[in-house]
Amino acid sequence: MDLLNTLVDKGLRRELPTRDEALAVLATSDDDLLDVVAAAGKVRRHWFGRRVKLNYLVNLKSGLCPEDCSYCSQRLGSEAGILKYTWLKPEEATQVAAAGLAGGAKRVCLVASGRGPTDRDVDRVSQTIRAIKEQHGDVEVCACLGLLSDGQAERLRAAGADAYNHNLNTSEATYGDITTTHTYADRVDTVHKAHAAGLSACSGLIAGMGESDEDLVDVVFALRELDADSVPVNFLIPFEGTPLAKEWHLTPQRCLRILAMVRFVCPDVEVRIAGGRELHLRTLQPLALHIANSIFLGDYLTSEGQAGKADLEMIADAGFEVEGADQVTLPEHRRGGGCHGSAPSACHEGGGVCGTAAPVPSADEPRTDLVAVRRRGAGTDLPPNA
Ligand code: SF4
């Protein structure tokens, strides 16, 4: 396929594809899907080999957000039955982070709900960063605290943060349909602030919110323009109790095409499969590892992921290796930072009764059975999934 040969050549040279080429990836047929994955895989292996970076989310503060992001289970007015709690103490956060690191994660992503941190919040998170770094010298720490005010990125950097995450989520044209309490420009500004403070910028998207192919290409081109070091690709988890609860648009094949498009447009950045991985890719998750070089281990912010052990087995079975603390994620020309991704949340954990055959759902049926609110780890007395 000429298109794919062209995209591989451009990816190996870090040359930006045209918008039409990016759109054409999203429009490929199921018959061409394995060719698309193989082509994106060549670009992925050129820059990242067969390594998979594991990241671990610690939800420092859950729910009760005054913002109205319609995809989010923590939003103002959300009726999703998620865990709600205020700031974890540094020692509590460190304990949760340690479980993820013991499971193989090399980056800890410290996330808090809210529009943005107060200076006191930045102090709290700085204490947590220092506590984690004291115990785990080689860990990468990414903070994700919302919109930053002047000087806050510098303070996080001084406390030892390596990266800051703030997702663009969707195209500028449709941003106002998703959120009304802040703007796309606010989000871009925070990514600039992180960059300017010497933090590695992590910024990504959420697919499956009813956007067009043009919107997806717009947001991914914007992320390339922002020069994010890592791009988390979330697949919407349509939480009951949120405005997007009925938006079930994604298929595993569509998710693979989206990931491939992201890889071709941002060939040398850490492409992370984020929230919604288990829910939407389902049994095709291992194929996605041929495109993306990074995942979250264990649970998401407000929902459960598959068991950490299953993540590790999947990586090994698919012929990939977990990236070690002594390996550098980014290619030489991008070094000088790292990054995270705020995932809205994702999925599952069985639910059937042993010995009974569960009915096989049809391919286009919403898989509400795979959405499980997180009830373990941070903010609970139960051990975290790692
Ligand atoms: S995405 Fe962040 S800012 Fe938006 S509602 Fe959720 S927690 Fe609040």
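The values are calculated or read from the model by the stated rules, or taken from the named source; none is laboratory data. All values reported here derive from a predicted model rather than from experimental measurement. When we count neighbours, we look across all protein chains shown, and the Cβ atoms used for this are built from the backbone with ideal geometry, even at glycine.
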Spot the failing condition for GLU332; the list is (1) at pLDDT 95 or above; (2) surrounded by fewer than 23 Cβ atoms within 10 Å (Cβ to Cβ); (3) over 30 Å from GLU91 (Cα atoms), and only one is missed. (1)
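Which of the residues spanning segment 88-134 are within 16 Å of the ligand (Cβ to nearest atom) and part of a helix (DSSP H, G or I)? Can you show your working first?
Initial filter on segment 88-134 (within 16 Å of the ligand (Cβ to nearest atom)): 88, 109-118, 121, 125.
Passing the criteria: ASP121, VAL125.
For the structure I just gave you, tell me whether VAL141 is assigned to a strand (DSSP E or B), at pLDDT 95 or above and within 15 Å of the ligand (Cβ to nearest atom). So that I can check it myself, show each step before the final result.
Values: assigned to a strand (DSSP E or B): yes; at pLDDT 95 or above: yes; within 15 Å of the ligand (Cβ to nearest atom): no.
So VAL141 does not fit the description; no.
Quick check on my filter: what residues within segment 153-168 are in a loop (DSSP other than H, G, I, E, B), more than 13 Å from the chain's Cα centre (by Cα) and either modelled with pLDDT under 95 or buried (at least 20 other Cβ atoms within 10 Å of the Cβ) (or both)?
Let us first name the residues in segment 153-168 that are in a loop (DSSP other than H, G, I, E, B), namely 160-162, 166-168.
Filter once more, keeping what is more than 13 Å from the chain's Cα centre (by Cα): 160-162.
Selection gives ALA161, ASP162.
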Evaluation of SER73 against (1) away from the ligand (no atom under 15 Å from the Cβ); (2) within 26 Å of ARG375 (Cβ to Cβ); (3) polar (S, T, N, Q) (one fails), failing number: (1)
Kindly list, by first and then second residue, each pair from a residue in segment 276-294 that is under 14 Å from LEU312 (Cα atoms) to a residue that is of a type in the set (Val, Ile, Thr) and assigned to a helix (DSSP H, G or I), limited to pairs with Cβ atoms under 8 Å and residues at least 6 apart or on different chains. LEU289/ILE315
Conditions first: (1) on the phi < 0 side of the Ramachandran plot; (2) among the small types (Gly, Ala, Ser); (3) over 22 Å from the mean Cα position of the chain (by Cα). SER78 passes all but one, so which condition is the exception? (3)
Taking the criterion of being within 22 Å of CYS109 (Cα to Cα), touching a strand residue (DSSP E or B) at 6+ places or on another chain (Cβ under 7 Å) and more than 15 Å from the ligand (Cβ to nearest atom), would at least one residue in segment 183-195 satisfy it? yes
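Condition check: touching a residue at least 24 places away in the same chain (Cβ under 8 Å), closer than 30 Å to ARG14 by Cβ, touching a Phe, Trp or Tyr at 6+ places or on another chain (Cβ under 9 Å) and of a type outside the set (Phe, Trp, Tyr). Does LEU101 satisfy that?
In short, no.
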